[in-house]
1. Name the pairs: first residue in the range 139-165 and under 18 Å from Val105 (Cβ atoms), second residue acidic (Asp, Glu) and outside any helix (DSSP H, G or I), Cβ to Cβ under 9 Å, at least 6 apart or on different chains?
2. Which of the residues spanning the range 154-179 are under 19 Å from Arg130 (Cβ atoms), assigned to a helix (DSSP H, G or I) and not charged (D, E, K, R)?
3. Out of the residues in the range 120-138 that are among the small types (Gly, Ala, Ser) and over 13 Å from the mean Cα position of the chain (by Cα), state the one that is farthest from Ser213 (Cα to Cα).
4. Select from the range 182-214 the residues that are in a helix (DSSP H, G or I), surrounded by fewer than 19 Cβ atoms within 10 Å (Cβ to Cβ) and touching a residue at least 12 places away in the same chain (Cβ under 8 Å) and list them in ascending order.
5. For the range 162-181, what are the residues that are over 17 Å from Arg120 (Cβ atoms) and surrounded by 15 or more Cβ atoms within 10 Å (Cβ to Cβ)?
6. Could you check the range 1-32 and list, in sequence order, the residues that are under 19 Å from Thr184 (Cβ atoms), in a loop (DSSP other than H, G, I, E, B) and free of Cβ contacts under 8 Å to residues at least 40 places away in the same chain?
7. Do you know which residues across the range 216-242 are surrounded by 17 or more Cβ atoms within 10 Å (Cβ to Cβ) and either at positive phi or assigned to a helix (DSSP H, G or I) (or both)?
8. Hey, could you check the range 17-33 for residues that are under 14 Å from Ala210 (Cα atoms) and touching a strand residue (DSSP E or B) at 6+ places or on another chain (Cβ under 8 Å) and say which is surrounded by the most Cβ atoms within 10 Å (Cβ to Cβ)?
Amino acid sequence: MKTILVTGASSGIGRAVAETFLDLGWQVGLLARRDGALAAVAQGRDNAHVLVADVGEADQVRTAFDLFQARAGRIDVLFNNAGMFGPSGPIDEVPVAQWEQVVRVNLHGMFLCAREAFGRMREQRPQGGRIINNGSISAHVPREGSVCYTVTKHAITGLTRSLSLDGRPFDIACGQIDIGNARTELLDGLVQRAIAAGQPEPATMDVGEAAASVRLMAEMPLNANVQFMTVMATKMPYIGRG
């Protein structure tokens, strides 16, 4: 039976992806900070494994991966997804503490989770596995006033490329999915703010389309890889966005 560990599994894209693989019968590790929210995702599912951890804490991440590996036997796929948007505004108005918080979750946390997955995939038998990093449209072009989020998501592209190269000798594939305007609780907030400001409602897509795209990447054999995928609401201002 295939296994996948999903970070940020308590809500949004992470939850949608976790539920997709639970429905497929995979053994699914649900990693996030909120025990109650994870329990709601796992309710009634024998193939769900609740892993309460802060992705920014190395010891907690290691313990969560240990627990999932002990229960599931191996880690076939990591969906490296946990992240936060952080403050909006020009760089001189961004509090340093909030910058550090976004870096801690979006970059440091994804590094720690990739590090744990890579090491276990390298040592397990049969060797190998797949790491899917959640980048963002902002890994290519930013929204205005999003310096914290944009910088960290550009860094994830470097992480993806490094893991792809370094994983080759160990049958570890790594790809990145860049998702634009999937309808989640976070995006709902952006939509409501746009409406309140008298702006046009942003184009969105169902979050299930993002989950289906992750499934496509995850189910490939290890001798094939989606290196970068962009899936987005068709009418969002990505092409030509400055």
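The values are calculated or read from the model by the stated rules, or taken from the named source; none is laboratory data. None of these values were measured; they are calculated from a predicted model. All Cβ positions, glycine included, derive from the backbone under ideal geometry; neighbour counts span all protein chains shown.
1. Taking only residues 6 or more apart or on different chains, the pairs are Ala139/Asp178; Lys153/Asp178; Thr157/Asp178.
2. Here is the first cut: in the range 154-179, the ones under 19 Å from Arg130 (Cβ atoms) are 156-179.
Next, only the ones that are assigned to a helix (DSSP H, G or I) stay: 156-166, 168-170.
Within the range 154-179, Ile156, Thr157, Gly158, Leu159, Thr160, Ser162, Leu163, Ser164, Leu165, Pro169, Phe170 qualify.
3. Going through the qualifying residues, I end up with Gly128.
4. Selection gives Glu185, Leu186, Leu190, Val191, Gly208, Glu209, Ala212.
5. Scanning the range 162-181 gives Ser164, Gly175, Gln176, Ile177, Asp178, Ile179, Gly180, Asn181.
6. Selection gives Ser10 alone.
7. Met217, Ala218
8. Of the range 17-33, the ones under 14 Å from Ala210 (Cα atoms) are 17-21.
Filter once more, keeping what is touching a strand residue (DSSP E or B) at 6+ places or on another chain (Cβ under 8 Å): 17-18, 21.
Numbers: Val17: 29, Ala18: 31, Phe21: 25.
Checking each candidate, the answer is Ala18.
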